[in-house]
Amino acid sequence: MQRIEEITAKALEKMGNDRYRLALVVAQRAEQLANGAAPLVSLDKNKIKFADIALFEIAEDKITLEGFVESTR
């Protein structure tokens with residue numbers, strides 16, 4: 001498993017190096033996970049924080065800002 005700093009840097013790059021956009025998507029996705037959504041990556045949400053799972057999903061291109069905004073409307 002990669003270090004969270006590496007995952008965060010990769011996720012930030014996927015969001016165009018915009019920390020605000022990254023924080024927005026992570027917060028919304030973490031809330032979805034907390035409300036029972038299944039992770040899109042093979043991580044145990046009982047052992048890993050929801051925000052970290054969201055970062056992994058973004059870094060692995062499972063979630064994009066455009067697709068995420070569309071799906072939450």
- [ ] Specify which of the listed residues (Ala23, Ala9, Ala34, Ala38) is within 14 Å of Thr64 (Cα to Cα), open to solvent by less than 90 Å² (accessible area, probe 1.4 Å) and not aromatic (Phe, Trp, Tyr).
- [x] Ala23
Open item on the list: Pairs please, first residue from segment 35-51 and touching a residue at least 24 places away in the same chain (Cβ under 8 Å), second anywhere and part of a helix (DSSP H, G or I) and not acidic (Asp, Glu), Cβ atoms under 8 Å, 6+ apart in sequence or on different chains.
Closed with: Ala51/Val26; Ala51/Ala27; Ala51/Ala30
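The values are calculated or read from the model by the stated rules, or taken from the named source; none is laboratory data. Just so it is clear, the structure is predicted and the values come from calculations on it, not from any experiment. Neighbour counts run over all protein chains shown; Cβ positions are idealised from the backbone, glycine included. All accessible areas refer to the heavy atoms of the entire protein, side chains included, with ligands and DNA or RNA removed. Shrake-Rupley method; radii C 1.70, N 1.55, O 1.52, S 1.80 Å.
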